[in-house]
Amino acid sequence: MLEQPPAFPTTVRQPALFIGHGSPLNAIEDNPFSRAWTELGASLARPQAVLCISAHWQTQGSLVTAMSAPRTIHDFYGFPAELHAVQYPASGCPELAELVRATVGADAVEPDTRWGFDHGAWSVLSRLFPTADVPVVQLSLDVFKTPAEHYALGKALAPLRRKGVLVLGSGNLVHNLPLACWEERAFAWAERFDALVRNSITTRDHTSLVHYDNLPEARLAIPTNEHYLPLLYILALREADEDPAWFCEQVTMCSISMRGLRFG
Ligand code: ZN
């Protein structure tokens, strides 16, 4: 009898990406950010599936989406009807949800059938994979985990990169919404913090980025950490031979860093 081939055979290493997603309008506006994401997408070998860690899905305990047809969630207010009408029809991938659980431990991540794609995921994915032909699974941010625990969970996901899975973190490494403005400029402290994070990544100083609380001006740059935490997952997935390739190196709206990086 023939054995069934594995659902996720071993492949060459897939990239791990962190994208600063900024305003939901980037999903429909033609601007330097959306153009850079489109270019990035065009440069990628097609993965078998995407595992996305978005700032916009916070839960009690870690969850992974396990439905086969996720809905597009419009989790914002006051934006144009055109944005509310966007649908991202990629399929889910219950097999990947199971693989995630098998990889990190079934007790560590529970399957979810209620979420879908939040705008942190679809605003970026609709540029990376505009035909929505790559299945996508989301992994939530557990509000009870410390940054070090998020980083450790990221480490545990490492085998997925060699099973055809592209891991995408979607957040912003500087994100202060109360101080944001609808202007194309940057506060000096936001640019300083952005540069400090870039430097720490370049010198592979992940420890100070996990313990970001001790960094100067962290309270301004990371008043709440949901947009920063996806970065820790991507840093955790970095392998010894990998240096970051940067894209969108810009702080916009006064207090939002759009910086993106790619490993692999
Ligand atoms: Zn956001």
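Read-outs: derived from the displayed coordinates by stated rules, not from any lab. None of the values given here were measured: they were computed from a predicted structure. Cβ: placed from backbone, ideal geometry, glycine included. Neighbour counts: every protein chain shown.
Remark: the His74-Leu177 segment gains 35.3 nm on full extension, using 0.36 nm per residue and subtracting the alpha carbon distance. Give me the one-decimal nm value for the distance between modelled label points at Ala42 and Glu239, 7 Å along each residue's Cα-to-Cβ direction. Label-label distance for Ala42 and Glu239, simple model: 2.8 nm. The simple Förster model, with R0 at 45 Å and r as the Cβ-Cβ distance, assigns Ala156 and Ala85 a FRET efficiency of 0.75. Computed over the chain with a Gaussian network model linking Cα atoms closer than 10 Å, the most mobile of Ile234, Ile53, Ile73 is Ile73.
Mind checking which of Pro135, Pro216, Pro47 has the largest fluctuation in a GNM of the chain, springs on alpha carbons under 10 Å? Evaluated over the chain, the most mobile residue of the options is Pro216. Using 19 Å as the cut-off for backbone N distance, which residues of region 95-123 belong to the label zone defined by a point 7 Å from the Cα of Gln60 along Cα→Cβ? Those under the cut-off are 107-115. For the residues Ser200, Ser43, Ser126, a GNM of the chain with alpha-carbon springs under 10 Å puts the largest fluctuation on Ser43.
Under the combined filter of DSSP loop state and at most 12 neighbouring Cβ atoms within 10 Å, region 127-230 retains these GluC sites (Glu not before Pro): Glu183, Glu184. Percent of Cα-Cα pairs per 5 Å bin, from 0 to the last occupied bin, for the chain, please list those. Spelled out per bin, shortest first, that is 1, 6, 14, 19, 21, 18, 12, 6, 2, 1, 0, 0, 0, 0.
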